[in-house]
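Heads up, the thing below is written out as structure tokens.
The values are calculated or read from the model by the stated rules, or taken from the named source; none is laboratory data. These figures come from a predicted structure and were not determined experimentally. Note that we place each Cβ from the backbone using ideal geometry, even for glycine, and neighbour counts take in every protein chain shown. In case anyone asks, the SASA skips ligands and DNA or RNA and just uses the protein heavy atoms, side chains included. Shrake-Rupley method; radii C 1.70, N 1.55, O 1.52, S 1.80 Å.
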Amino acid sequence: MEIKWTLMSTFWKLIMTLKRAINRLKKSYYCMGIVSFLVTFVMLFVWKWHVERQIIQEYYHLHADNSQTYSETGCQFPIIDPFSETAMKYDRIMPKVICDGEDWVECNMSECQVTKHILDKFKNIKCNFKDIIYVNEHSYVIAPAVTINNDEKYFLNASDFFKVSCFGYDKYGLGILSTRWHGYQSGIRPIANPPSPPGREKSLNVLILGFDSTSRYGFIRKMPKSYKYITQELQGVVLTGYNIVGDGTPDALFPILSGRTELQHPYARQRFSKHIYLDPDLFIFHTAKQDGYQTAYYEDMPWIGSFQYRYNGFRRRPADHYLRSFLMEESKEGSKWWKGIKNRYCIGAKPQYLFLLNLTRQFMNLKTKRFCFTFIADISHDDFNRISTADDDVVDFLRDMNESKKLEDTLLIVMGDHGPRFSPMRATYQGKIEERMAFMSIILPESLKKHRPDALNNLESNSDVLTTPFDIHTTILDAMGLKKFASDFVVPNSKITRGLSLLETIPKSRTCDEAAVLPHWCVCLNARWYSVDRTDPMFKKTADSLTKYINNITEEMRSLCVERRLKLIEWVTRRESKTPNVYYQAMIIMTPGRAAFEASLQYNEKEKKFVISDKDVSRISAYGDEPSCVSETYQHLNKYCYCKSNLYKSFDLLKFY
């Protein structure tokens with residue numbers, strides 16, 4: 001409050017001084033305009049400084065408070081209020097996604113036809129259906145048109161999806177002018193059910209519904225109806241000790257869908273080679289298919305796909321039903337997203353998230369063993385506040401799954417990959433914790449509870465123990481009766497495997513080191529962290545080392561990326577250690593722009609040098625189009641590069657020099 005009144009007093013004195021100057025000078029309106037502009041500029045600058053100071057003080061205060069908790073064993077988790085003053089400061093009520101028009105064609109499984117409402121309005125309807133046929137991750141074929149008249153049915157065969165154009169004449173008009181419509185639709189093409197091994201015909205189904213950038217606290221805030229339905233009606237177990245293991249979506253989905261880290265897969269990063277692909281045989285879809293399951297992988301926003309943005313994608317289609325080529329065509333490789341807000345969240349007359357939910361619902365109607373992973377990003381990736389638009393529809397979807405008895409033999413997981421990474425709240429302590437503690441809820445089917453009476457008790461007991469994405473992979477396989485395919489990787493210097501089943505007892509003494517969670521991502525408060533004083537030589541040395549590391553990464557593209565400069569050191573902390581290797585954490589601001597980085601650095605006190613890894617550096621401010629000159633070819637530089645071409649287009653040139 002003291003700072004607030006000081007600022008207000010300063011503003012008032014400044015305004016009065018300028019007013020007196022204007023009266024004395026009695027200049028023209030032009031002079032008054034210049035002075036008004038200067039007043040506004042100064043006020044905005046001071047306000048921006050005050051807000052940034054508040055964020056830093058809040059972060060520092062909370063970090064210091066929580067660092068006092070100490071325990072020799074297990075993980076001591078931070079206690080966060082989902083509706084804290086900090087969280088509500090950044091909470092926004094967003095308008096619901098509403099899509100215009102009316103779809104003329106709809107699909108039910110493999111049968112597609114003109115809707116009854118359109119048939120009632122128009123006559124002499126002709127529709128041209130063109131299948132979109134997957135070739136590989138980066139190409140597809142549009143098949144020749146097949147014409148369907150009026151109420152005739154179009155049967156899916158070569159593909160699950162198609163583009164379609166129709167025209168018809170108003171039944172109550174003169175029949176001279178036709179009405180035209182074009183759109184995209186998808187269903188479930190029939191494929192031969194893979195044979196199940198003897199005795200495996202009635203295994204559990206699996207349905208995973210994921211949302212991008214969704215923390216546990218964020219889901220509680222923005223999806224209250226869904227959270228209530230999951231926890232109360234479905235008796236779902238929410239993992240309050242769930243900790244991510246790396247930066248971004250891939251570091252969450254690699255472990256969940258394969259039980260492996262990125263480095264345990266073929267090195268398919270685009271920066272390394274354009275001709276090495278991820279092997280779908282290493283993913284859980286293949287394991288399920290070998291056991292007689294039909295599989296589906298539905299993910300939106302394919303232009304920034306989890307396994308295609310920095311990677312070359314899969315060597316072949318990873319699941320039987322796979323949406324990538326359909327959405328690449330429908331969105332024109334994402335250009336729809338960038339050209340306007342109005343329809344970016346829609347596929348035809350439906351919100352895109354609802355399109356995916358409806359497709360998931362159809363897939364779960366198949367009369368065979370089913371494994372489905374649906375991942376929705378568009379309503380939460382750029383602005384998490386928008387996810388609330390899906391709350392009612394997600395409840396309807398879950399209620400339909402429940403009331404249709406599908407959940408009696410289906411393991412259901414509703415989850416997030418991580419919390420928001422670039423939102424304004426990320427600069428706060430709560431934002432840092434939310435990024436690392438993703439939403440993870442598990443609903444066990446009745447058939448599993450009857451077969452394994454101890455499973456639910458174990459799951460509930462494990463809900464407040466340190467758990468990771470690797471555990472989710474092992475748990476899914478255990479529930480399917482395929483635990484023998486789980487990874488047996490043991491973390492160095494540990495006696496337990498990296499991935500543990502939540503249906504069995506997990507040691508409450510488990511630590512981040514035992515679970516393969518790096519210090520940068522570990523939320524446990526067991527270790528003491530101390531603030532490094534600004535007068536301590538290590539304060540500046542830590543920030544300088546991080547600055548040098550960031551500039552060394554962009555050195556390979558120095559002709560395109562400017563060398564960033566250190567503008568501000570927000571804070572530096574040091575972890576208590578009894579060994580020569582000491583961990584430091586730091587947050588710095590760099591120019592041009594306002595690039596905020598938060599990193600963990602390991603310092604060897606004997607050798608007097610830092611060891612820094614890319615996985616321990618978080619860009620916590622949005623980079624927008626800063627790396628536009630390298631974003632298509634060197635995606636690994638996106639969080640570091642500021643293109644010289646952008647420098648000369650903006651006022652950052654003045655700030656930089």
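Suppose we keep only residues that are over 27 Å from Pro445 (Cα atoms) and in contact with a helix residue (DSSP H, G or I) (Cβ under 8 Å, 6 or more places away or on another chain) within the range 182-208. Which one would you say is most open to solvent (accessible area, probe 1.4 Å)? Filtering first and then ranking leaves Tyr184. For the range 90-137, the set of residues classified as closer than 19 Å to Tyr322 by Cα and among the basic types (Lys, Arg) consists of Lys130 only. Residue by residue through the range 397-428, note down the ones that are in a loop (DSSP other than H, G, I, E, B) and either under 30 Å from Ile569 (Cβ atoms) or hydrophobic (A, V, I, L, M, F, W, C) (or both). Residues satisfying the conditions are His418, Gly419, Pro420, Arg421, Phe422, Ser423, Thr428.
The rows are residues; the columns are (1) in contact (Cβ under 8 Å) with a residue 24 or more places away in the chain; (2) under 26 Å from Ala455 (Cβ atoms).
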{"residue": "Gly183", "(1), (2)": "yes, no"}
{"residue": "Thr231", "(1), (2)": "yes, yes"}
{"residue": "Pro250", "(1), (2)": "yes, no"}
{"residue": "Arg260", "(1), (2)": "yes, yes"}
{"residue": "Tyr267", "(1), (2)": "no, no"}
{"residue": "Gln290", "(1), (2)": "yes, yes"}
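Figure legend. Inter-residue proximity from the range 379-404: first residues closer than 14 Å to Ile230 by Cβ, second residues basic (Lys, Arg), beta-carbon distance below 6 Å, spacing 6+ or different chains. Indicated pairs: Asp391/Lys225; Val395/Lys225. Taking (1) touching a residue at least 24 places away in the same chain (Cβ under 8 Å); (2) farther than 22 Å from Asp625 by Cα in turn, Val582 satisfies each apart from (1).
Out of everything in the range 73-87 that is in contact with a Ser or Thr (Cβ under 8 Å, 6 or more places away or on another chain) and among the polar types (S, T, N, Q), what residue ends up being farthest from Pro224 (Cα to Cα)? Applying the filter and picking the extreme gives Thr73. For the range 99-126, which residues satisfy the criterion of being of a type outside the set (D, E, K, R) and within 13 Å of Gln185 (Cα to Cα)? Residues satisfying the conditions are Trp104, Val105, Cys107, Asn108, Met109, Ser110, Cys112, Gln113, Val114, Thr115. The helices (runs of 4 or more DSSP H) falling completely within the range 151-267 that include 3 or more residues that are within 30 Å of Ser613 (Cα to Cα) map to 216-222, 250-258. Among the conditions (1) of a type outside the set (Lys, Arg); (2) assigned to a helix (DSSP H, G or I); (3) surrounded by fewer than 24 Cβ atoms within 10 Å (Cβ to Cβ), Ala288 misses just one, which is (3). Is one or more of the residues making up the range 306-315 surrounded by fewer than 18 Cβ atoms within 10 Å (Cβ to Cβ), more than 26 Å from Ser404 (Cα to Cα) and in contact with a strand residue (DSSP E or B) (Cβ under 8 Å, 6 or more places away or on another chain)? Within the range 306-315 (the criterion being surrounded by fewer than 18 Cβ atoms within 10 Å (Cβ to Cβ), more than 26 Å from Ser404 (Cα to Cα) and in contact with a strand residue (DSSP E or B) (Cβ under 8 Å, 6 or more places away or on another chain)), the answer is yes, since at least one residue qualifies.
Lys449 falls short on exactly one of the conditions (1) of a type in the set (D, E, K, R); (2) under 20 Å from Tyr217 (Cβ atoms); (3) open to solvent by 20 Å² or more (accessible area, probe 1.4 Å), and that condition is (2). Can you confirm whether Lys615 is among the charged types (D, E, K, R), within 28 Å of Ile433 (Cα to Cα) and more than 22 Å from the chain's Cα centre (by Cα)? So Lys615 fails the test. Selection of the range 160-181 for residues being of a type outside the set (Gly, Ala, Ser), within 23 Å of Cys346 (Cα to Cα) and open to solvent by 10 Å² or more (accessible area, probe 1.4 Å) yields Lys163, Phe167, Thr179, Arg180, Trp181. Only residues that are open to solvent by less than 40 Å² (accessible area, probe 1.4 Å) and either on the phi < 0 side of the Ramachandran plot or in contact with a helix residue (DSSP H, G or I) (Cβ under 6 Å, 6 or more places away or on another chain) (or both): list them for the range 512-528, please. Result: Cys512, Ala515, Val517, Pro519, His520, Trp521, Cys522, Val523, Cys524, Leu525, Asn526, Ala527.
Ala596: of a type outside the set (Asp, Glu) and in contact with a strand residue (DSSP E or B) (Cβ under 9 Å, 6 or more places away or on another chain), yes or no?
The answer is yes for Ala596.
Among the residues making up the range 490-499, a single one is part of a loop (DSSP other than H, G, I, E, B), loosely packed, with under 15 Cβ neighbours inside 10 Å and of a type in the set (A, V, I, L, M, F, W, C): Ile496. Somewhere in the range 266-273, is a residue open to solvent by less than 10 Å² (accessible area, probe 1.4 Å) and closer than 27 Å to Ser213 by Cβ? Within the range 266-273, one or more residues are open to solvent by less than 10 Å² (accessible area, probe 1.4 Å) and closer than 27 Å to Ser213 by Cβ. Residues of the range 525-552 that are within 27 Å of Pro492 (Cβ to Cβ) and modelled with pLDDT of 95 or more: Thr542, Ser545, Leu546, Tyr549.
The set of residues in the range 97-144 that are modelled with pLDDT under 95 and of a type in the set (Gly, Ala, Ser) contains only Gly101. Listed by first and then second residue, the pairs linking a residue in the range 96-114 that is surrounded by 13 or more Cβ atoms within 10 Å (Cβ to Cβ) to a residue that is of a type in the set (Phe, Trp, Tyr) and not in a strand (DSSP E or B), with Cβ atoms under 7 Å apart and 6 or more places separating them unless they lie on different chains, are Val97/Tyr345; Val114/Trp104. Within the range 337-357, take every residue that is in a helix (DSSP H, G or I) and over 19 Å from Asp396 (Cα atoms) and give me the one that is modelled with the highest pLDDT. The selected residue is Trp337.
Of the residues that sit in the range 358-382 and are part of a helix (DSSP H, G or I) and over 21 Å from Phe307 (Cα atoms), which one is most open to solvent (accessible area, probe 1.4 Å)? Result: Arg361.
Being part of a loop (DSSP other than H, G, I, E, B) and farther than 21 Å from Ala319 by Cα is a property that Gly431 lacks. For the structure I just gave you, tell me whether Leu502 is assigned to a loop (DSSP other than H, G, I, E, B), crowded, with 20+ Cβ neighbours inside 10 Å and at pLDDT 95 or above. It is true that Leu502 is assigned to a loop (DSSP other than H, G, I, E, B), crowded, with 20+ Cβ neighbours inside 10 Å and at pLDDT 95 or above.
For (1) without any contact (Cβ under 8 Å) to a residue 40 or more places away in the chain; (2) touching a Cys at 6+ places or on another chain (Cβ under 9 Å); (3) closer than 29 Å to Glu201 by Cα, each residue gets a yes or a no:
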| position | (1), (2), (3) |
| --- | --- |
| Pro420 | no, no, no |
| His473 | no, no, yes |
| Met480 | no, no, yes |
| Lys483 | yes, no, yes |
| Val491 | yes, no, no |
| Ser494 | yes, no, no |
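The set of residues from the range 79-95 being over 22 Å from the mean Cα position of the chain (by Cα) and either among the small types (Gly, Ala, Ser) or open to solvent by less than 40 Å² (accessible area, probe 1.4 Å) (or both) comprises just one member, Ser84.
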